[in-house]
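Below is one structure, written out as structure tokens; comments come after it.
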Amino acid sequence: MNIRILLMCTLIIPTLFAPSAVHAQEGEEKFPTDNDVNAIAGKLYCPVCPNTPLDVCETKACQDWRAQIKQQLEDGWTEDQIIDYFVLQYGERVLANPKREGFTSLVWVLPVIAVVLGMTVIWRVIKGWWGFKKPSGSESNIEPGFDEESLARIERELDEMR
Amino acid sequence: MAYVPQDGQGLNPLLRHFGMIGHPPTTYLGFTGFVIPYAFAMAALITGKANEDEWIRTTRRWTLLAWVFLSIGLVLGGRWAYDVLGWGGFWGWDPVENAMLLPWLTGTAFLHSVMIQEKRGMLKVWNIILIILTYSLILFGTFITRTGVVSSVHSFAKSALGPAFFAFIGLTFISSLSLLFSQWRSLKAEHEVESFFSREAAFLLQNMLFIAITFAMFWGTVFPMISELITGTKITVGPPFFKHVVGPLFGVLIVLMAIAPFFAWRKQSGVRLVRNLLVPLILSLVVSLGWGSLYRGLPASYLALWVVTFAFLAILYEFIRGIRARVRARGEKLPIALLRLMGRNRRRYGGYLVHLAVIMISLGFIGDTFFKLETQGTLAIGERIEIGEYELQFNGLRQFSGSDGREVLVASISLFKGGQIIRNLNPRRDYFVAQQQPVTIPGVHSTLGEDVYVLLVGWEDIGLGASTFKIFINPLVNWTWIGGLILILGMMIATWPSGGSAAERSYRLRPQNLVPSFEPGD
């Protein structure tokens, strides 16, 4: 009995919400919208213009390429398929985000290595200075034992007395 | 000449903008201005006087002047791109833009690093390396822009100078380094870093971060060339690379910018540091949480907002401490105390103003990276489109010919917020017939919080009916321009001559004459 009621509920309840679902779909723009096209075009660069993203490029050629993306979306292509198509047709230079594989991965890896190396060098330099060379006794004569705040205060007060 | 035209076509229409009146000369002054510290550094090496600080003291104001002009050039260039290029942003991480930022980065590192040499007699070799790098990167920037070896949207002037120019850069770089190596032994540091918690260590870390950012940007900029050279494959290194790699490094740099002034020279007490920074830290956590929830952004956006809020509050706290001390000691009123505080410590408080300006400029980048909204739609007359809290209604399109030979299309858009009309916007497309050059001019509604930025990107040729618009909400973008102005003000205060003798102006502590010579670092 309980199972029957449960089954009936699962069949009836969705039909109660169906009209509103249809209404919502009618209110929305038809797929693919300009925004759907631009979302993909923004990940691509114009294959022939100087360093211009495809979503903002104003040339006729770029308008045609955006129209092509729209057509491909209408035909059911996925984002990855469209991007792969453009790479196949025009080469890797159309990708705004360089691949993280092969030789191109160097563009991502080297800055990380540089930062790690830089940190290591700084660490070693400071540690070397700090750990092995204590400040000489005469240095304490060069700068009296005031902290900077006190020195700043003294300077301010003396300035005001001038 | 076989043919002499009666008249030229005039300036490229894309360059007819107020930013382009200031951008080229300021950039030029910035680039050429750095020749002065470079030339003095080389002269000091040649004459064997690089161990002394004279070349740094003599060129300090010139360096600051070059730096501020380069900064103005960058901001004006960003404003021009925002108004003219029609992609809704001010920084596209284009090779030419990057090439201009590279010497600014090393120049900024140099500006800070020389303070350690002035104050503590350290980093003498490093400072010369930094000025060599800055000058070489200036040459590199000119090389990239003038030769077009890397594909750029800003390639307005190409020439066949390439190989000769490249040889000149190489020759300059190698001969400068050779001079440095010849004097290496004489450039010994007079002191050592005594603690990780010292201003010297903070400056070293800051220098490392600037160099890391410079390297990452340089690498990203030249990699397409290297890839083509080695593998034969042309690639593009676009904004995602720079935002992912450079963004976090800038974040750490801004945190360091906030806390470094609280570090004492030689050694800083950890307890005092925490005590000084506790208030800005707690306040910044609360404020950034509240601020971030307004935008409902990604977790990283909260972190970015915290970074700038913390840095802002830390600097504000420094001002408050100084003003409070004057009010208590002298009974001065607040505005007078502020003016005298800045007047008597121009270098320090001018520097703080520049730091505030950098925070403001960072806000523009944070808004662009995390909170930007974008939509595009085709509207018939009377139709509306929504974006964020706004609605835009298309009222019609007008076409006319300009007196200077341009064909103009202007759209009329009503901007609504909360059902109320705010103002009318007129995005337009000007087509310069003689040059065959279109220019897209946005319709913009600007507030301190955000810009509503509307571009006319398409229209029906017959009947001028339905038209296509690209609309951006650009949060916090105007803080970039305000930051540019504050930066100029701060630098003017920092560099304004204070009178007195050279010994009084000196930055180095002299115990026997402590009073007039001390000038706290910034």
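The values are calculated or read from the model by the stated rules, or taken from the named source; none is laboratory data. Note that the coordinates shown come from a computational prediction; the quantities given were computed from them, not determined experimentally. Methodologically, a virtual Cβ is constructed for each residue, glycine included, from the backbone with ideal geometry; neighbour enumeration extends over all protein chains shown. Note: accessible area is taken over every heavy atom of the protein model, side chains too, but ligands, DNA and RNA are not part of it. Shrake-Rupley method; radii C 1.70, N 1.55, O 1.52, S 1.80 Å.
At a Förster distance of 35 Å, what's the computed FRET efficiency of B:Leu489 paired with B:Glu386, Cβ-Cβ distance as r, to 0.05?
So the FRET efficiency works out to roughly 0.35.
R0 = 30 Å: FRET efficiency of B:Leu298 with B:Leu171, Cβ-based, nearest 0.05?
0.05
Where Rh denotes the Kirkwood radius from the mean inverse Cα pair distance, what is Rg over Rh for chain B?
1.00
For helix B:162-182, what angle does its Cα long axis make with the longest principal axis of chain B, in degrees from 0 to 90 and rounded to 10?
Between helix and principal axis, roughly 20 degrees.
At what distance in angstrom do the alpha carbon centres of segment B:168-214 and segment B:279-295 lie from each other?
Comparing the Cα centres of segment B:168-214 and segment B:279-295, I get a distance of 37 Å.
Among B:Val252, B:Gly77, B:Met217, pick out the residue whose Cα is farthest towards the positive end of the charge dipole of chain B, where Lys and Arg carry +1 and Asp and Glu carry -1 on C-beta, about the Cα centre.
B:Val252
Calculated from DSSP H runs of 4 or more alone, at -39500 (n - 2.57) each and per residue, what is the 222 nm mean residue ellipticity of chain B, nearest 500?
Mean residue ellipticity, 222 nm, calculated: -19500 deg cm²/dmol.
Identify, among A:Met119, A:Cys57, A:Val87, the residue whose Cα sits farthest towards the positive end of the charge dipole of segment A:24-125, taking +1 on the Cβ of Lys and Arg and -1 on the Cβ of Asp and Glu, with the dipole about the Cα centre.
The Cα lying farthest towards the positive end belongs to A:Met119.
Using a probe radius of 1.4 Å on heavy atoms only, what accessible surface per residue do you get for segment A:29-97? Whole Å² is fine.
49
For A:Glu155, B:Glu383, give me the order by solvent-accessible area with a 1.4 Å probe, most accessible first, ignoring ligands, DNA and RNA.
These residues rank, largest area first, as B:Glu383, A:Glu155.
Post the alpha-carbon centroid distance, segment B:226-264 to segment B:453-492, in whole angstrom.
Centre-to-centre distance over Cα atoms comes out at 26 Å.
Provide a list, ordered by number, of residues in segment B:232-252 showing at least 10 Å² less accessible area with every protein chain present than when their chain is taken on its own, using a 1.4 Å probe.
B:Thr233, B:Lys234, B:Ile235, B:Thr236, B:Val237, B:Gly238, B:Pro239, B:Pro240, B:Phe241, B:His244, B:Val245, B:Leu249
Might you tell me the accessible area per residue for chain B, computed with a 1.4 Å probe and given in Å²?
43
Could you state the angle between the C-alpha long axis of helix B:54-84 and the longest principal axis of the C-alpha atoms of chain B, as a value from 0 to 90 degrees rounded to the nearest 10?
20
What part of the accessible area of the protein assembly as shown, given as a whole %, is carbon or sulfur when the probe is 1.4 angstrom?
Accessible surface attributable to carbon and sulfur in the protein assembly as shown totals 64 percent.
Can you give the net charge of the other residues whose Cβ lies under 11 Å from the Cβ of B:Ala411, counting K and R as +1 and D and E as -1?
Local charge sum for B:Ala411: +3.
Let me know the charge dipole size of segment A:29-97 about its Cα centre in debye, to the nearest 20, where only the beta-carbon of Lys, Arg (+1) and Asp, Glu (-1) is charged.
Dipole size: approximately 220 debye.
Select from segment A:82-104 all residues whose loss of accessible area on going from the chain by itself to the full protein assembly reaches 20 Å² or more (probe 1.4 Å).
Buried on complex formation: A:Glu92, A:Arg93, A:Ala96, A:Asn97, A:Pro98, A:Phe103, A:Thr104.
Quick one: buried accessible area between B and A, total over both chains, 1.4 angstrom probe, nearest 100 Å²?
About 5800 Å² of accessible surface is lost on pairing.
Taking amide H positions as placed 1.01 Å from N in the peptide plane, with prolines and chain starts having none, which residues 5 or more places from B:Ile422, or on another chain, fall under 5 Å of its amide H?
Distant-sequence amide H within range of B:Ile422: B:Leu415, B:Phe416, B:Lys417.
Once the Cβ-Cβ distance between A:Leu117 and B:His244 is put in as r, and R0 is 25 Å, what FRET efficiency do you end up with, to the nearest 0.05?
0.85
Just want the answer: with Cβ charges of +1 for Lys and Arg and -1 for Asp and Glu, which residue in B:Val457, B:Gly402, B:Ile422 is farthest toward the dipole's positive end in segment B:373-474?
Farthest towards the positive end: B:Gly402.
How large is the accessible surface of A:Thr120 in square angstrom, using a 1.4 angstrom probe and rounding to the nearest 10?
Around 70 Å² of this residue is reachable by solvent.
Treating the beta-carbon of each Lys and Arg as +1 and of each Asp and Glu as -1, no other charges, what is the dipole magnitude of segment B:13-195 about its Cα centre, to the nearest 20 debye?
Value, rounded to 20: 260 debye.
So, taking all protein chains as they sit and a 1.4 Å probe, how much accessible area belongs to B:Ile381, in Å² rounded to tens?
The accessible area comes out at roughly 100 Å².
Would you mind checking the tilt of helix B:270-295 against the longest principal axis of the Cα atoms of chain B, expressed as 0 to 90 degrees and rounded to 10?
For B:270-295 against chain B, the angle is about 0 degrees.
Sum up the charges of everything whose Cβ sits under 12 Å from the Cβ of A:Leu44, counting Lys and Arg as +1 and Asp and Glu as -1, but leave A:Leu44 out.
That works out to -1.
Give the separation of the Cα centroids, segment B:316-371 to segment B:395-425, in Å.
42
At what distance in nm do the modelled label points of B:Ser403 and B:Glu460 sit from each other, each positioned 7 Å from its Cα along Cα→Cβ?
3.4
Taking the Cα of B:Trp496, stepping 7 Å toward and past its beta carbon, and measuring to each backbone N in segment B:339-362: which are under 11 Å?
B:339-347, B:350
Using a 1.4 angstrom probe on the protein heavy atoms only, could you order A:Arg93, B:Arg423 from most to least accessible area?
Sorted by accessible area, descending: B:Arg423, A:Arg93.
Which three semi-axes in whole Å describe the equivalent ellipsoid of the protein assembly as shown, each the square root of 5 times a Cα gyration tensor eigenvalue, listed largest first?
Over the Cα atoms of the protein assembly as shown, the ellipsoid semi-axes are 49, 32, 26 Å.
From the square roots a ≥ b ≥ c of the eigenvalues of the alpha-carbon gyration tensor of segment B:82-174, which class results: rounded (a/c under 1.5), prolate (a/b over b/c), or oblate?
Taking the square roots of the gyration eigenvalues as a ≥ b ≥ c, segment B:82-174 is oblate.
Local charge sum around A:Gln63 (other residues, Cβ-Cβ under 14 Å, Lys/Arg +1, Asp/Glu -1)?
Residues near A:Gln63 contribute 0 overall.
To the nearest 20 debye, what charge dipole does segment B:373-474 have about its Cα centre, counting +1 at the Cβ of each Lys and Arg and -1 at the Cβ of each Asp and Glu?
Around 200 debye, computed over segment B:373-474.
Heavy-atom accessible area of B:Glu407 with all protein chains present, probe 1.4 Å, nearest 10 Å²?
70
Would you calculate the separation in nanometres between label points at A:Asp159 and B:Thr58, each defined as 7 Å from the Cα along the Cα-to-beta-carbon direction?
Taking the two extended label points, one gets 2.9 nm.
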